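To keep things clear, I will list the structure first and then write my remarks on it.
The values are calculated or read from the model by the stated rules, or taken from the named source; none is laboratory data. Every value quoted in this text rests on a predicted model; they were computed, and no experiment measured them. Using ideal geometry, Cβ is built from the backbone for each residue, glycine included, and neighbour counts are taken over all protein chains shown. The protein model used for the area step is the full one, side chains on, heavy atoms only, and it has no ligands, DNA or RNA in it. Shrake-Rupley method; radii C 1.70, N 1.55, O 1.52, S 1.80 Å.
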Amino acid sequence: MAEVICLGPSPIGFKDEVFSSIAPTIEKSLEEAGESYQQFLELYHGVNKKNTQTKEKQIEEEVKEDAEEDEKYGHKKKIFQAFEDYYGILGLQNKRWMATQDDIKKAYRKMVLEHHPDKNAQRGEVEGDAMFKSIQKAWETLCDPLKRKIYDSQEPFDDSIPSADSIKVDEDFYSIFGEAFKRFSKWSEKKQIPQLGDKNTPIDTVLDFYSFWRSFKSWRLYDFLDEYDTKEAESREERRWMERKNLKSRKKRKADELSRIQKLVELAFSVDPRVIKLSLIHI
């Protein structure tokens, strides 16, 4: 209910007089400025004009700075070394990235006994020392988890994905896409990896398979493709510039990899006979 305020009568002797005239109105133009105006923009439009302008200016300065540094340091590109088959050197060419640490340790001990410098000297093998050094190099790389990940990441790999046109009959889907998912499973951070299955796989298992791949996490690294060797930097500024360039390149390749895998997942889902059958049931 509204509250009503009642005013009493005017005092005795009070006169309603106007002591001055009202000033005329003046038209003024207001500029888009001031703290209150900025708050208004943020509140009603989600815009902070000052911050936006500052950010744009900052980006322009960063682009200009990057261009200047590219001109200054860009000539120092890394020289890539030839790829050495460490698994082949240890006799693990058939297992490769699937070899366990125990497999690597046993293979290393066997090769060391066979190619030890003392035995090479007894056999009169001049090139034996070079082989022994290669064995040591292979062991130092493959026994270290991080070094091994970097090494495994640079092994030749088929990044291609199938096309929908390659599916002529239902059985083509299981064989062609099954091989592709098995190939990309190499990079999975999780060890328990679901399989594509076949026409008899329960639909719940099929949906779980796609759920796994839609949230796929890869351990694949791209450090070996760094364009710049930070050890060659002549100053702290140059080293930081090299690190930024290398990091930017790694992020780009990682994003491309994940995009490629998701393209495979969505393509497979769209042509999977089991999913198509399920969608027809619910029409």
Charges on Cβ only, +1 for Lys and Arg, -1 for Asp and Glu, centred on the Cα centroid of segment 107-206; of Ala138, His116, Ser163, which one is farthest towards the dipole's positive end? His116
Whenever you get a sec, compute what percent of the accessible area on segment 174-283 sits on carbon and sulfur atoms (1.4 Å probe). 53 percent
If you put +1 on each Lys and Arg Cβ and -1 on each Asp and Glu Cβ, how big is the dipole of segment 176-231 around its Cα centre, in Debye rounded to 20? 180 debye
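Can you sort Glu232, Glu84, Glu155 by 1.4 Å-probe accessible area, starting with the largest?
Glu232, Glu84, Glu155
Provide the packing ranking of 202-214, 267-279, i.e. peptides ordered by the mean count of other C-beta atoms within 10 Å per residue, highest first. The partial results should precede the final answer.
Working: 202-214: 14.3, 267-279: 16.2.
The most tightly packed comes first, giving 267-279, 202-214.
Hey, any idea what the orientation-averaged projected area of the convex hull of segment 160-283's Cα atoms comes to, in nm²? It would help to have the intermediate numbers written out before the result.
On the way: hull surface 38.8 nm².
It is 9.7 nm².
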At what distance in nm do the modelled label points of Lys190 and Ser259 sit from each other, each positioned 7 Å from its Cα along Cα→Cβ? 2.5 nm
